[in-house]
Each structure stands twice: as structure tokens, then as C-alpha cells.
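Q: The structure under discussion is supplied below as C-alpha cells; questions concerning it will follow.
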Amino acid sequence: MKKEVIVSIIIGLLIGLIFTLGISTANKALNQQKAKKLTTQESGNSLNSSDNNQQKTLTVTSHENFDLINQSEINLSGIAWPNAVIALMTETQTKLIQADSEGIFTFKVNLIKGFNEIALIAADETNTTQTQNLVLTYSTSKIEL
Amino acid sequence: MKKFLILIFSFSLLVFSFSAAIAADEATDSSVTTKIKERLEKTAEQGLDTIKEELTSQSLSPRKKAYVGLVKSVTDDLITLEYKSQTYPVYLDVATPARQDDFLLTMGFFFPDNNQFHAKKILVLDTPQPPINRQLFSGQIQEIDGNKITVNNKSLTINSQTELTIQGIEKSSTDDLELKDNLFAIVTLDKNGDIDQVRDILVIPGKNNPAAMTPTNATESALPATDSATIE
């Protein structure tokens, strides 16, 4: 009788172990599938966003139109599209540079006293052009609220 | 029969105990994960709130601005300026002798909360001269004849005042140009709309130009290749 009980316990233990392992393996497989699905969705989203980024626009991020500045030398920066050629035209200055692989560009601009009309043009080999005009005023006179 | 019952009993007991153990383990894992998630969400929310508050206060704080333009109308407390076909209302915090058709430079503060610009200082300027007719001209190089380059069937003459830059070449000269290079130039136009002067030229080398092979993405901080990495 004792022998039989021990044998049955061992068999039960083994079968129980097999069941448990089976359940945990199934769980792991399900989790992996979920993770894969999520990764695919995320990469899909990032592809969409990179498509959106390829829209060819020109934005000045460092300054706004009609800004009043108390420094004669400024860094005018912004974002266009990857490797776009950016032209800067002011009354006294012209410059041509290429934006980096993310479309970011920076110009060192020397402002004249008073108001400065600045034109920025982004272009590329496909003849796409985008223009931004800015008026920046350089003055050292004190203005208080 | 007895043996069979004992067998079933012990088997069910073991299965139950294993399942219970795993369920408890998973429950503990999931509750810890949920707690961590909740904590992270709380922290992120708090951080976002602080950033939002800062941005809101920044965006609502008065900004120094200077509007220019031709006076279209004047009242005691408001001037309307016109610049490049757009009108800008300027609220006056100072007295001004400005009259209609004067060209003004008004300096003051823009208040984003009520979208109003209040001038603190007003200067009457001479009406600016029309700007020089400049353009960005671009296309592939069709012909190179000494200092004369033909692009889009138009001839550009490079002179000592022209700043020539060829991507990937440090000291660029016309000798480094090749047919089918992509050329971008800032040009001034004469009264007839023809190219008068070429100020700046930027050339992106095409397939015919050996400079196109030069890597342009390397940063200045990039270190030279080590001996072991150099292919001989």
C-alpha cells in the first residue's frame, strides 16, 4: 500500500510539473506575441512620423518676427528638411549653407542698428523652395514695462 | 479501486498546489508592475504639470517687440501700421508726433494674454528704399568655361567678390567644378530681371565630381583612424 501511495505521488508530481511547465510556456509565448505586435505597431507609427517629417517646410526656431534684440550678433537657427540648402539674405549679408541630416541650420548674423529685414530661403535639387521673412530690430535703448 | 482513488487524489492535489504557486507568483509580479507603473505615471504627470506651468507663464509673459511700418491711421491711443500689405495695431503708451504716411519704428512690449502691442518708444524714420532684387538661383551645371558657368541656360560669372563653396572641398575654385554638379547661388538681378551679380555660390557635387565621394558627415571632433583600422 505504501509503495503504491509513493508511486502515485511521484506520478502526480511529474504530471503536475508537466502541466505547470506547459502553462508557463504558453504564457511566455503569448507575452512574446503581444510584445511583437506592439513593436510592429510602434515601428509603423515611427515610419508614419518620418513620412510626415519629410514634408518640406522652413521654420525659424530661435527668433520670432518683430523681435527686439539688444545684441548685434545673433545665432539665427531653424529647421528645414534634411540636407536642404539654406540662403540667408540681409541688407548687408548673404550666406549659403547646407542644413544637416536632420534639417537643422544655424547662421551667425550681424545685425545693423535699427530694423533688419531678413530673408531665409530653403531649396534643394528638386527645385522645392520655402521662404521665411523676418524683421528683427537691434536696439540698445532701454525699454521697461 | 482504492489505489485508483488515491492516485487521482494525489495527482489533483499536486496540480492544484503547483497552479496555486504559479498564480501567486504571477499575481505578485503583476501587482509590483502595476505599482511601479502607477508611481511612474504620477511622477511623469507631476513633471509634465511643472513644465506646462512654466511654458504657460513664459508664453503669457510680455515680450519685447519692435513693429515697423507706414502709418495708416492715428488716434490718441492707437496707431495702425502697414508693413508688406499687413496691418499691425500699435497701442500708444507714449505721446508721438507721428502722422499719416510716416514710416515708424515702434519699440515696446507684446502682451500675449490680450494680443496687444504697446509702444514705449517711437522713432520716425525715412521711408526705406526698395530692397535689392536678390534671388536664390539653382540648377545643374551645363557648361563651364573658365569663370563662366551655365546653369538653366543662364550664364553666371564668378569674380573676386563671389564666395564659392563646394561641399567637401576646403579651398574651392572653379577648377573643382564638374558638369552636372548642383549649384545654388544668391544673385542680384538688374532692371530687366537678368543676373547682374553673383554673390554666393554653394555647389553640391554631382556624380561626375570626385568631391562627391568625400564624406561630409564627419564631425570636427571625429578622431583620425587608428593604425589597426587603416586599410593599406
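Q: Does B:Thr56 qualify as being at pLDDT 85 or above, out of contact with any Ser or Thr (no Cβ under 9 Å at 6 or more places or on another chain) and β-branched (Val, Ile, Thr)? It would help to see each step written out before you state the result.
A: Values: at pLDDT 85 or above: no; out of contact with any Ser or Thr (no Cβ under 9 Å at 6 or more places or on another chain): yes; β-branched (Val, Ile, Thr): yes.
So B:Thr56 does not fit the description; no.
Q: Is at least one residue of the range B:45-57 surrounded by 10 or more Cβ atoms within 10 Å (Cβ to Cβ), more than 14 Å from chain A (Cβ to nearest Cβ) and touching a residue at least 24 places away in the same chain (Cβ under 8 Å)?
A: The answer is no, given that none of the residues of the range B:45-57 is surrounded by 10 or more Cβ atoms within 10 Å (Cβ to Cβ), more than 14 Å from chain A (Cβ to nearest Cβ) and touching a residue at least 24 places away in the same chain (Cβ under 8 Å).
Q: Can I ask one more? What residue, among those in the range A:130-145 that are of a type in the set (Ser, Thr, Tyr) and surrounded by fewer than 17 Cβ atoms within 10 Å (Cβ to Cβ), is farthest from the other protein chains (Cβ to nearest Cβ)? So that I can check it myself, show each step before the final result.
A: In the first step, residues of the range A:130-145 are kept if they are of a type in the set (Ser, Thr, Tyr); the result is A:131, A:137-141.
So of that shortlist, the ones also surrounded by fewer than 17 Cβ atoms within 10 Å (Cβ to Cβ) come out as A:131, A:140-141.
On the way: A:Thr131: 9, A:Thr140: 11, A:Ser141: 6 Å.
Filtering the range A:130-145 for residues that are of a type in the set (Ser, Thr, Tyr) and surrounded by fewer than 17 Cβ atoms within 10 Å (Cβ to Cβ), the one farthest from the other protein chains (Cβ to nearest Cβ) comes out as A:Thr140.
Q: For the range A:94-111, give me each residue that is assigned to a loop (DSSP other than H, G, I, E, B) and either under 22 Å from the mean Cα position of the chain (by Cα) or free of Cβ contacts under 8 Å to residues at least 40 places away in the same chain (or both). Outline the logic, then answer.
A: Within the range A:94-111, the subset assigned to a loop (DSSP other than H, G, I, E, B) is A:99-103, A:111.
Hits for the range A:94-111 are A:Ala99, A:Asp100, A:Ser101, A:Glu102, A:Gly103.
Q: Return only the number of the condition from (1) surrounded by 12 or more Cβ atoms within 10 Å (Cβ to Cβ); (2) under 28 Å from the mean Cα position of the chain (by Cα) that B:Pro131 does not satisfy.
A: (1)
Q: Still on this structure: Run down A:Gly103, A:Gly114 and say which single residue is more than 9 Å from chain B (Cβ to nearest Cβ) and on the phi > 0 side of the Ramachandran plot. Talk me through it step by step, then tell me what you get.
A: Working: A:Gly114 fails: more than 9 Å from chain B (Cβ to nearest Cβ).
Of the residues listed, the single one that is more than 9 Å from chain B (Cβ to nearest Cβ) and on the phi > 0 side of the Ramachandran plot is A:Gly103.
Q: Output the number of the condition that B:Thr106 fails; it satisfies all remaining conditions of (1) over 30 Å from B:Ile195 (Cβ atoms); (2) exposed (fewer than 13 other Cβ atoms within 10 Å of the Cβ); (3) of a type in the set (Val, Ile, Thr).
A: (2)
Q: Given the criteria assigned to a loop (DSSP other than H, G, I, E, B), touching a residue at least 24 places away in the same chain (Cβ under 8 Å), facing chain A (nearest Cβ under 10 Å) and over 30 Å from B:Val74 (Cβ atoms), does B:Ile132 qualify?
A: yes
The values are calculated or read from the model by the stated rules, or taken from the named source; none is laboratory data. Fair warning: this is a prediction, and the values are worked out from it, not measured in the lab. Neighbour counts are summed over all protein chains in view; Cβ atoms, including those assigned to glycine, are modelled from backbone coordinates with ideal geometry.
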